[in-house]
Amino acid sequence: MMLRNRTALSTKTNLPQQQTNGHVKAVDPPAKCIQRAASKQIAPAKEDINVLEPKAKRAALNELTTKLSNGLVLDSVRKGLGIRKTEKLAPKAEPEDILEDELEEEKKEDPCPDYDYDSENKKDPYNVPEFAFDIFVYYRKRESAYAVGDYLKKQSKLSMGARAILVDWMVQETFELNHETLYLAVKLVDTYLHRTTKKVKPEELQLIASAAVFIASKYEERSPPLIDDFIYLSQDSFKKEALEEAEREVFRIVNFDLGAPLSYSHLRRYAKACKVDMQGLTLARYILETSLMFYEFVSASESKMAAGAFLLALKMVDEKAQWTPVMHKYSGYSAEEVEPWTWALNHMLHIRKSGGGKYSKQHTVADKYSHEIFFKSSEVPLLADKFRLASPLVCPK
């Protein structure tokens, strides 16, 4: 996101003034600063705190002290508490229980017991090696709580093409933000459109997306963009008050829950555990980021999408690459579970490259990853498509 210049206006120095013949004239600042000794001379003399008399106690305290000395007993049990009655808050809904036996089951079925990536990072507190494995098991268990359905059935005024154009714009405007910001923003848009009872119009999508990026950037970024930046990027298509109202509305619909598991988080985990270089990770990023535009994957499992993109990237570099026991261990999925996602994503890339259909005009992701800084990932040759090009893109189960 190209942000506007926020350089503060320079402040003017207040110079002393003198009056000459009725005219006020600014006086140049003195050449030398006032000496410290002079400043001490003009400072008021401090009182000696050792000779000050103690202040008298307040009357109320004197009276209470006297009564206590005469045997007054304070009994708060006999006296009704003067506490204002408040409405009892409903207990907060607990998240889906992740039982300990489920976590133990994940660990018992260890396909690669001789390798422990997290133990290698035990001295790095930022990787939380003691909890990292369980955290990603928890993420996989929580995916169903954030599932998005086929909301276009009820959002009759929207289409797959309109959503693709919107996501393409979001990718363009979040270029300088973190990857997590983009993925969370797209998730918020889909969740909002899935849960809201309102019939959203196509002309309202940009405002909703701006609110989603604004929320996601405040959640993920150290220095999130300002409201004025979004108004500028939208070419003044909405006002500040409209964006603030849209932000409140998105928050309300998603129930202020921004902790959705993201496919990109899983992808980073897989790449680190398997020690894949940055070029391989960037190619997987390109595949996964391209999938954001495709409505067919809106209800997909985040962790399985990441696993499919990861395996596809490895195969695009080396066709003989296989899903290893290490990948099985840290993804939680076997090769049989991952391969359908790999070939679905490969078919998606063929559809995008063909330039036909509803995704023909969305080139932002491909243009972005054609740059040398991204290792020209979008120019890597594709694997042979297992489906006919005219075959519809189907999300695996």
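Just so you know, all these numbers are worked out from the coordinates, no wet-lab data involved. These numbers come from a predicted model, not from an experiment. With ideal geometry, Cβ positions are generated from the backbone for all residues, glycine too; neighbour counts draw on all protein chains shown.
Please work out if residue 237 is of a type in the set (S, T, N, Q) and assigned to a helix (DSSP H, G or I). For residue 237, the condition - of a type in the set (S, T, N, Q) and assigned to a helix (DSSP H, G or I) - is not met.
Just one of (1) among the hydrophobic types (A, V, I, L, M, F, W, C); (2) part of a helix (DSSP H, G or I); (3) free of Cβ contacts under 8 Å to residues at least 40 places away in the same chain fails for residue 276. It is (2). In the range 150-185, what residues are touching a helix residue (DSSP H, G or I) at 6+ places or on another chain (Cβ under 6 Å), closer than 14 Å to residue 219 by Cβ and either part of a helix (DSSP H, G or I) or free of Cβ contacts under 8 Å to residues at least 12 places away in the same chain (or both)? Scanning the range 150-185 gives 179, 180, 181, 183, 184, 185. Evaluation of residue 248 against the conditions (1) closer than 22 Å to residue 165 by Cα; (2) exposed (fewer than 13 other Cβ atoms within 10 Å of the Cβ) shows that the sole unmet condition is (1).
All of (1) assigned to a helix (DSSP H, G or I); (2) surrounded by fewer than 22 Cβ atoms within 10 Å (Cβ to Cβ) hold for residue 266 with one exception: (2).
Can you confirm whether residue 359 is hydroxyl-bearing (Ser, Thr, Tyr), touching a residue at least 40 places away in the same chain (Cβ under 8 Å) and out of contact with any Leu (no Cβ under 9 Å at 6 or more places or on another chain)? In short, yes. If the condition is being in a helix (DSSP H, G or I), without any contact (Cβ under 8 Å) to a residue 60 or more places away in the chain and either within 25 Å of the chain's Cα centre (by Cα) or buried (at least 21 other Cβ atoms within 10 Å of the Cβ) (or both), then the range 309-337 contributes 309, 310, 311, 313, 314, 327. Being surrounded by fewer than 21 Cβ atoms within 10 Å (Cβ to Cβ) and of a type in the set (A, V, I, L, M) is a property that residue 306 lacks.
Flag: residue 358 matches the condition of being among the charged types (D, E, K, R) and farther than 23 Å from residue 179 by Cα.
Among the candidates 236, 257, the residue that is of a type in the set (Asp, Glu) and under 25 Å from residue 138 (Cα atoms) is uniquely 257.
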